[in-house]
């Protein structure tokens, strides 16, 4: 039986999540950065007979994170909480997804991904285009370019305007660090942090506009961002779906960690499949 957690439980919930700090980077990052007081964060927990946490479900705006140390949670209750609280997306490890797989209602689109962690940054042996640190003034152009890529649209739970506003706010707060490359008056390549904790940072939003691919642009922005994170003492972590992305990341020094699931209830009819993060 899930129950809503009180903000005073935040330290205990963090201690539970830190049993797997990389796997729970999103969850830990949200709670370290925001705590449980904001209205856009809620946490439900399921415990055993000794009142020891077994499963955590966290709401961040309209997206949900699930973590279970036993996979013995009630999947129908998870679906109910997500649905009744306006959820449009959820994510969890493939291991934690198994109990919910057969219970998921029609309309949800499931994306299996691979999680990878950087062991060490391997610098390119060829000259790369120069990436620069973005500012909040770049948010509109980043969102405009990102939402123009068909393959990303199926994964989005925000309109372009919402995406820009969210990105701008996160950049101002220091939650999102973006490296970009501009050409022809627009952002043609981007990589940013989508979650941070004291120990690690998740890299997301990696894209190159189709007309500018195969020029090393994605390699450049990801490399610049990873170099910054490593300097800060944070381990870079990311997800990928396709072989082109895998090749880029493995050459940069990422090693596969495990399988991850992202579920989305799209705002529009999907027109593509998976993000293409070409160099």
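Only the coordinates and a few stated rules stand behind these numbers; no lab work does. Keep in mind it's a predicted model, so treat the numbers as computed, not measured. All Cβ positions, glycine included, derive from the backbone under ideal geometry; neighbour counts span all protein chains shown.
Which value, in Å³ per residue, describes the convex hull spanned by the Cα atoms of segment 3-105? Mind showing how you got there, number by number?
Details: hull volume 9.7 nm³, N = 103.
It is 94 Å³ per residue.
How much of the pair distance distribution for the chain lies past 32 Å, counting alpha-carbon pairs only, in percent?
Numbers: 8284 of 38781 pairs.
Here the tail beyond 32 Å accounts for 21 percent of pairs.
Can you give the percent of C-alpha pairs in segment 90-146 whose distance is more than 13 Å?
Considering segment 90-146, 79 percent of its Cα-Cα pairs are separated by more than 13 Å.
Between residue 162 and residue 72, what is the label-point separation in nm under the 7 Å Cα-to-beta-carbon projection?
In this crude spin-label approximation the distance works out to 3.8 nm.
Quick one: if the Förster radius is 41 Å, what FRET efficiency do residue 1 and residue 172 give, using the C-beta to C-beta distance and rounding to 0.05?
Given R0 = 41 Å and the Cβ-Cβ separation, E is 0.55.
With an 8 Å cut-off on Cα pairs and a minimum separation of 6 or more residues, tell me the relative contact order of the chain in percent.
Here the relative contact order equals 23 percent.
How far, in nm, would the chain grow between residue 121 and residue 150 when pulled straight, counting 0.36 nm per residue and subtracting the alpha carbon separation?
That pair, residue 121 and residue 150, stretches by 7.4 nm at full extension.
Taking 0.36 nm per residue of sequence separation and subtracting the Cα-Cα distance, how much length would be gained by fully extending the chain between residue 106 and residue 54, in nm to one decimal?
Between residue 106 and residue 54, full extension yields 16.0 nm more.
Pull up the DSSP beta bridges for segment 44-173 and report the antiparallel fraction as a percent, rounded to 5.
75 percent
What is the calculated FRET efficiency for residue 15 to residue 184, with r their C-beta to C-beta distance and R₀ = 41 Å, to the nearest 0.05?
0.25
Rg and Dmax of segment 118-256, using alpha carbons, in Å: what are they?
Cα radius of gyration and Dmax of segment 118-256 are 14.0, 39 Å respectively.
Find how much the distance from residue 228 to residue 84 grows on full extension, using 0.36 nm per residue of separation minus their present alpha carbon separation; answer in nm with one decimal.
47.9 nm
Can you put 166, 219, 159, 231 in order, fewest other beta carbons within 10 Å first?
Working: 166 16, 219 23, 159 13, 231 8.
Fewest to most other Cβ atoms nearby, the residues stand as 231, 159, 166, 219.
Can you compute the radius of gyration and Dmax for segment 30-161, using only the Cα atoms, both in Å?
For segment 30-161, the Cα radius of gyration and maximum Cα-Cα distance read 18.7, 59 Å.
For segment 172-243, take the alpha-carbon Rg, divide it by the Kirkwood Rh, and send me Rg/Rh.
On the way: Rg = 12.4 Å, Rh = 12.6 Å.
Reported Rg/Rh (Cα atoms, Kirkwood Rh): 0.98.
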